[in-house]
Every structure is written in C-alpha cells, then in structure tokens.
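J.: One structure coming up, written as structure tokens, with questions to follow.
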Amino acid sequence: MKYIKKEEAVITDKKEAKYDEHEICSFIFDLLEKKRRERLPYELKWRLAINFLQGDQYSYIDSESGGIMEVDNVQWWQEREVFNQIAPIYDTRLAKLSKLKVLMNVRPATNSKDDVKSSKVCKKILESIEEDLEMKKLQKQANIWAEKTGSAIWGVFWDKNKGKTIGYKEQYVKKENSDKKEKINAAIKEGGINYEIISPFDFFPSNVYAKDIESLDYAIWYKVMSVKEIENMFNTTVEGYENNVVSYSKARTNVGGLGSKGHGYSESSKDIDLSAEVISYFEKPTNRYPKGRYIVCTKDNVLHMGDLPYINAEDGERELPFVIQKSLDYGEFFGESIINRLIPLQRRFNNIKNRKQEYLNRVAIGQITYEKGSIDEDDVLDMGLAPGAVIPRRQGSEEPSYLRTPALPSTILSDEKATEELFITLSGVSEMSRNSYNPKNVTSGVALSLLQDQDDTRLALNYENMYDTRIKIAKQTLRILKNSVTTPRLSKYVDMKGQVEVFYWDGTNINSTDIYIDSTSLLAKTPESRRELVLDLMERGLFNDPDTGKVTKETLVKLFEMIELGNWEDYCESVDPNISKVDRENINMLKGREAKFKPYDEHQLHKNEHINFMLSEEFENACENDGDLENRFLKHIELHDKALNSAS
C-alpha cells in the first residue's frame, strides 16, 4: 500500500490509500489560522459595529493588541450616557428590506414548446423550495448579518437527509457509553436542497481583496458542532472537547451619568461541552484538480475527503457552493456596513448630548465657593446641600455662595441639530421613516411621496445586491437539482391566488438556468409603492376594457393580486355567483359531462372564464387524457357566443 502526500491525499478515497491523517488536519488548521490573521482587521470592524448597535459605544479598536478596548473616563463626574441613533436606523433599514418581494422567473432555453414548459416547471420548483425552506426567514437572517457586518454568506447544499424515506440500509454505529458497534437499519432519504446562512465570522476566503466568491481559489468554513451532530452527519465518532465560542451578553459597562450606573451588551464567551471544531475546506477546480477539492476535518480526524460535491456551475462544471450578499460593495470581498459609516457621527452625538447634561448638572446642583476653614467640609461632602439642612460656619467668615453658571452656548444647540441631519445624509434613512411621523412643515402628499422615494433610492444598491444574490442562489439550486434528482418526485406549488397545485418532476425537467427578476419586483420595491403604481395606472385608464371603457371583474381580480390585498376572487365569487357557476361547469366538463347552459348566465363573463381555463396548464394536461375535452368546451362557449349575438 502506497503512502500519499498531504496535498494529494485530499482527492483520494480513504479506502484506496493510506495517508497521514494528523498531517492533513494540521495543514488545514494552520491554513485557517493564517487566514484568520489576514481577516482580523475586518473582524475588528464587525465587532465594533455590533458593539455600537448594541449600545456599547465607548469602545475603540486597539491596533496594537488586536482587540476592542473601552474608552476610560477622564473625570469621575463626566456623563457617559449613550444616545443610540444607530439602532433605529438599523431597524428601519431592516424593515424596508423585509418588504422587498423577489419574484423570479426562468427564461426558456429556446422557443420550443418543451423548453417553455420546462421553464414553467423550473419556476414552480424554485417557488416550492422557497416555500419549504421558509425563504422569507432566511432572507431576514441574511439581511441582519449584512446590515451588521456588511456581508452574509449563503451556502447552497444538497442535504441527503431531507425529504421522504425511500428505503433502508444496514449501518453500524457505536453504542452509547460503549466502544462496541451495533447494526441498525438507517433510513435512506430522497434528499433535497438546503440553504444555510453563514456568519462572516465563520467564513475565511483565500483572498480578502477578491471581488466575489467566483474570484476565490478556495474558502474555509469554520463551525463548532456537537459530537452527536458530527456522528449523525459523517457516521464517525470523534472525541469531544470544551470549545469556547463568542457571544454578546448583557453586562455592567462603564456608561451612565452622575449618580447612575449603566448596563449594556458586551462581547463575552461561553463554553460548549462535548463539541469539536469542524473545518470544511472547499477548493475550486484547477488543472491539477479538475473537480476541485473538499475536505472536512477536526483537529484530530479527517471526516471527509474528495471532489467538490456538486455540479453547480455553467457547462456542467463545479464551483464553490457559496454566494455572498453585501450591504455596501466597495470592491473587496467583504461588504461594508452602514454602521461603520455612522460610528464617528455617533461618537460626536454622544459627546454633544453629554456635555449638555453636564451643563444641566451644574445648573441644577450648582458649584459652591466658600472661605477655606469657614465650614465643616466633611459634613457638607457627606450630607450634601439637602433642603432644610443646617450648615454651621466660622464666626466672622463669609457665607458660602454659588458660582454663576454662564448661559449654554448656542453653538452646542446648532451643532446638535446639524449632527442629527448628518445621520439622515449618511444613512439614507429619512426622519419620516426613522421616527414614523411626518417632518415638521411638510404636509403635502407629493412632498411626502418624494421623501419616501428618496429613501428607496438610497437603498437601491442594497436591493440590487439582494437581487443578484438570489439569482445566483437560484442558478446553483437548479444545477444541483438537475444532477441530483434522478427519480420523479412530488412537489407542491402555491400560486398568487393561494391555489395549491401538485406536480411531478425530476432532473430532466430542468433545461434552463437563465434566471431573471420579474419586472413587477423591479418597478415597485415595496407593497406600498406597488399599490401606488397600480392605482396610478388605473386612474389613467390603462386597465380599462377597450370595448366597454370599464375595468372588468377578471382584471379587477388580477389587480388585487398585484397589490397583495388578499384573494379578492373569493369576494368576487360571493358577490357574483356566476364565477362559482363557471368553476362548476369547468369541473363537469373535465369529468366528461356536458355543462348546463342557462339563458340568464352572464355570457361574456362565462366565455372569458372558460377561455382563461383553457389556456391553463391544467387544461393542457387534461386534454392529453381526454381527446374530446376541447370540443366540449368549444361547443359550450359557442352557446354563449350565440346568446351574446342575439342580445346585440
């Protein structure tokens, strides 16, 4: 049996060759530490930004120690209150981003009927996966990391333990509290796509100056996992240790004012028992390793070695299964957080507010001057100048008096106002959005609308970054599914009306990964702007029927879907029973029965509804099993045509 060098062993099956496991683990962990040092300046910025967001704002980056240090008090009486303007700006930006609705479509590979049908299936697959994985929650988590640190990493993986059970296999596992193994029947699942949001603290790129994931040579994902979780995932038993992880917890900090103690959130650490540091190393394909490399190891064990696991790039190639979402993109790998831009301004704002409070302390409490030795200083210092206090003084001495406090300089007030306005300028969040009320002296609806548009304009880059991220995720998803789903599976799709459709599909149904964002998402970023757009177009008469000059009930249903005011069709059915009757007629004709024609039917509505159904995919599928179905519908529609002609 030959021995394999550490750089070659990673692409060799563990069963085929012997290798130095300790050497491979050391190689990966040494590389991790090197990349950790290179990434340190970015990590310090992230930690400082989180401190300021949480309210621990008397801290700074110490380049010498490579850590976050606290600013010391100059005098004991100095005010150190925190007037957090960053937190409401952060909350407002998150709220605006959460309203963004991403509607994706798949462009057919060609104009052929099969490719058009395939693109519709691909769209349904993507929407079904997003519904199953609760994409809205995942997007919120990604937005939180992106707004805090500037970046969020999406992992696009194939999870073999997801989905329905399709069989069982014999497997030997270690007994609890014993070194012996026992045979079990492990379930075989059909597998499925899984998205994971990875903190930038746990992700180490090969080059921090690379533009994006595609520009990296390799990436390292660091994770602390329990021993049980490692055993379930890799069917390998490893030794567990007590691992220290960073967290943010409530702690007493040196903030507050005269006579008060402050609490805030500061960085701390906690230990996780029976866990291990798991390092996943992903290397993109090269001439030497055309399928890339993928290693998973702990400090002492190699858990997996092999090629990159997925065919997830164009032309059947492999790439790193990650996508990065940035808040602000300045051309480096990691994005920039809006918080870092606001930190100097927040320090200035705290300074102004605290100097004002110190002035008020002097005015309210006062400063006393007295002739030395005229009073008992210890008594005054202990008791203070309480109302009604008796203060003895030496006979013949001058009585104590208060120092005169000058008026508060007007420059402090003007500087405070200017600083508040700078928050709006730098953050892109207007006073109206942040404070939830209209600015003073602004009452015009047009002016308020312009302010709202300006907010959306400042967030346009964030929207575009989110769109690009979701498109890349969708492309990788379809490519992985195409090569992983080899047997038909059943999925559920919920359309805009809330109607549930069940469909079968497999990898052969995926012929295109040309993803684009629906135009309605691009034109109107939020439900409010979408409603405003639709109402404006309605007012201009662009949705009116050219024959009648009025909005038809069918168009009304579509409009209410666009502005997301619920399933208006249900209300229409309760108001107009003709729609319910049309649905019953469609069902009867699908079952091979003739639909009953009545002279009192609203014939134009019946005709339009029947034609709309005939244009649906459900009708096309039904026609494949019933050759006479189309004739039944056409004969029934002809009856409505005759009734319309006779009425005219």
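J.: Considering only the range 359-382, how many residues are exposed (fewer than 15 other Cβ atoms within 10 Å of the Cβ) and more than 30 Å from Thr411 (Cβ to Cβ)?
T.: 9
J.: Can I ask one more? If you check every pair at least six apart or on different chains, which have Cβ atoms under 9 Å apart with a residue in the range 150-167 that is within 14 Å of Gln476 (Cα to Cα) and of a type in the set (Lys, Arg) first and a residue that is modelled with pLDDT under 85 and open to solvent by less than 50 Å² (accessible area, probe 1.4 Å) second?
T.: none
J.: Filter the range 608-640 down to residues that are of a type outside the set (A, V, I, L, M, F, W, C) and either assigned to a loop (DSSP other than H, G, I, E, B) or at pLDDT below 90 (or both), then give me how many there are.
T.: Adding up the residues that qualify gives 13.
J.: Here's something else I'd like to know. Considering only residues that are modelled with pLDDT under 90, under 12 Å from the mean Cα position of the chain (by Cα) and surrounded by fewer than 19 Cβ atoms within 10 Å (Cβ to Cβ), look in the range 75-99 and name the one that is farthest from Arg355 (Cα to Cα).
T.: So the residue we want is Lys99.
J.: Now for a separate question. Among the residues of the range 507-535, which ones are open to solvent by 30 Å² or more (accessible area, probe 1.4 Å) and at pLDDT 85 or above?
T.: Thr508, Asn509, Asn511, Thr513, Asp514, Tyr516
J.: With the checklist (1) acidic (Asp, Glu); (2) free of Cβ contacts under 8 Å to residues at least 60 places away in the same chain; (3) under 26 Å from Val74 (Cβ atoms) in hand, flag the one item Glu358 doesn't pass.
T.: Of the numbered conditions (1) acidic (Asp, Glu); (2) free of Cβ contacts under 8 Å to residues at least 60 places away in the same chain; (3) under 26 Å from Val74 (Cβ atoms), the odd one out for Glu358 is (2).
J.: Working only within the range 304-317, note down all residues that are buried (at least 21 other Cβ atoms within 10 Å of the Cβ) and either without any contact (Cβ under 8 Å) to a residue 60 or more places away in the chain or out of contact with any Lys or Arg (no Cβ under 9 Å at 6 or more places or on another chain) (or both).
T.: Leu308
J.: I would also like to ask the following. Keeping to the range 602-615, report how many residues are open to solvent by 30 Å² or more (accessible area, probe 1.4 Å) and under 23 Å from Lys117 (Cα atoms).
T.: 6
J.: Oh, and also: Any idea how many residues of the range 1-33 are among the basic types (Lys, Arg) and either modelled with pLDDT of 95 or more or in contact with a Cys (Cβ under 6 Å, 6 or more places away or on another chain) (or both)?
T.: The total comes to 0.
J.: Return the residues of the range 111-168 that are over 16 Å from Gly507 (Cβ atoms), of a type in the set (Ser, Thr, Tyr) and assigned to a helix (DSSP H, G or I); say none if nothing qualifies.
T.: Thr149
J.: If you don't mind, there's one more thing I want to ask. Taking the conditions exactly as written (in a strand (DSSP E or B) and either of a type outside the set (Asp, Glu) or in contact with a strand residue (DSSP E or B) (Cβ under 6 Å, 6 or more places away or on another chain) (or both)), does Ile352 satisfy them or not?
T.: No: the conditions fail for Ile352.
J.: Take the residues of the range 55-73 that are in a loop (DSSP other than H, G, I, E, B) and open to solvent by less than 30 Å² (accessible area, probe 1.4 Å): which is nearest to Arg348 (Cα to Cα)?
T.: Gln57
The values are calculated or read from the model by the stated rules, or taken from the named source; none is laboratory data. These numbers were taken from a predicted model, which means no experiment stands behind them. Here the Cβ is made from the backbone with ideal geometry for all residues, glycine too, and neighbour counts use every protein chain on show. Surface areas here come from the heavy atoms of the whole protein model, side chains and all, with no ligands, DNA or RNA. Shrake-Rupley method; radii C 1.70, N 1.55, O 1.52, S 1.80 Å.
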